[in-house]
Every structure is written in structure tokens, then in C-alpha cells.
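In what follows, a structure is listed as C-alpha cells, so that the remarks can point back to it.
Just so it is clear, none of the values below were taken in a lab; they were calculated from the coordinates. Since the structure is predicted, the reported quantities are computational estimates derived from the model, not experimental observations. Quick reminder, even Gly has a Cβ in these numbers, built from the backbone with ideal geometry, and neighbours come from all protein chains shown.
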Amino acid sequence: MKRLPWQSIRAARPWGKFSRPSPWPGLSHTISHHLNQCLSFGLMLCLSTALALVLAARPVQAAEAAPEWKVDPDHSSVNFSIDHIYAKILGRFDRFTGTVLFDPQNLAGSSLSFSIETASVNTFVDKRNEHLRTADFFDVGRYPAITFVSKRIEEVPGRGYVVTGILTIKGLGREMQYPLISMGSKPNPLVKDTVVAGFESKFPINLVEWRLADPKWSALGVMGQTAEVAVYLEVLRPQ
């Protein structure tokens, strides 16, 4: 039977069944194998594959983190409003924490994360606040916090920024997008050697979808299904 060209090459190898010494020290066996095939057969596809493996093996450098800003709780607030029968009920959360890494020139290294203490809900009526803390609404005993962790921040020309991240309410986590407006930054006139910046975000939340209200309340015309949320932040960092 006539030998095919590559069978003749294999039969002529002096090293027989033993592995050929690698001319590519320091590379993995897989990458070396592809480079040897390139030399033996001269196939450009092999060379392309080996190059792709080398590039894939190189570590990807993460973006450098943007400067960290500290949330000023005395000049920041997380607010909401909900329709009652004819009036709007205003409320807020009195206790929350946040981490802000932000640089408009380095959005890849910018991020936001927040945790809101659900038991701190405050609508300025004690009896209503107690009801909101029960399983009918926030169920604070089982779900003590509402959290948001950003995945990316993108600029929207003429409209500020859009923040994509995971919002978790009552154990239910969903990827959401929210608008973010930067109010600017400047040296803090009240605190020496400190820079102050401002942000705000306004968006609706469907209370029924997040299991924060029973649909029966809206069916009775007692309250709406949507809460309008408004977050105002002042953040600080050393100058």
C-alpha cells in the first residue's frame, strides 16, 4: 500500500515512540504541540490556533480602580413616594451605607454599592411604619437589607450615566438599570483639604413585582403599585 505524505514523515522520525524534545521551553505541552505541527506541515491554520492559545494564556489586567468617595449620611437621603387614595405618602430610609468609586475618565474602574436597612423605613407615622416592617411589606425580620451592587457604569451623552447592577429585595435579585446624574465636584467649602461631589438618581419600582405589596391594596384603590424612588448623595474624598 502506498504511504501518504504525512505517514512517510512520521515513519522517518528518529525518536520513534518517544516524545520529541520541545524546541519551545517554558510553553505548555498544548501550545508546543501546535507550534511543532506548524513546522512539520506549514499550515497557517495551526499557527493561528497556536497564537490564539498564547494570547488566551496571557492574564487580563483589570481596570485600575477609580478614586473612592465616602458617602456623607448627613447630606444624603434615600426617599420614596407612594400614591394613597388621593394623596402621596412620602417616606425615606434613615439608615444606609454605600461605597462609591467614581471617575468620569475611568468608568471601567468605577462602581457603586449600597445597603439599605429595611427596619429604618420612615413614613413619619409610627403605626404605618410598624405595618411596613411586617411580612405584608418589607418583612424586616427575614430580609434586613435591600442591596444594590453595580456591574458597570456607562455614559449616556446629554443624559448623564446609566448604572447596571443587581438589585436585591426580599431575597429576590435582578439585574436592573438606573439613571445616574453627576452634579459635579469641587473643593468642600466646609471641610478643609476635602473634595465634595453630588449624585442623584430617580426611578420607579413596581411593588407587586418585588413582593413588597399585595395586589389587593391597589385593587381596592387604597395604594398604587409603584413607588417613585429618589436618591440624593453627597460624597467626600481627600483632596
Loop-resident sites, the range 100-154, for chymotrypsin sites (Phe, Trp or Tyr not before Pro), counting at most 12 other Cβ within 10 Å (DSSP): Phe124
Select from the range 82-161 those trypsin sites (Lys or Arg not before Pro) which occupy a DSSP coil region and have at most 13 other Cβ atoms within 10 Å, ordered by residue number. Arg142, Arg159
Can you check what the net charge comes to around Ser120, using other residues whose Cβ is under 10 Å from the Cβ of Ser120 (Lys, Arg +1; Asp, Glu -1)? +1
If you average the C-alpha positions of the range 117-134 and of the range 73-102 separately, how far apart do those two centres end up, in angstrom? 13
Label Ser218 and Glu200 with points 7 Å out from Cα along Cα→Cβ: what is the distance between them in nm? 2.6
On full extension of the chain, what length is gained from Asp74 through Glu130, given 0.36 nm per residue of separation minus the C-alpha to C-alpha distance? 17.7 nm
Spatially proximal aspartates and glutamates relative to Lys151 (Cα-Cα < 13 Å; intrachain offsets below 8 disregarded): Glu175
Do any GluC sites (Glu not before Pro) in the range 137-239 lie in a loop, going by DSSP, with at most 13 other beta-carbon atoms within 10 Å of their beta carbon, and if so which? Glu209
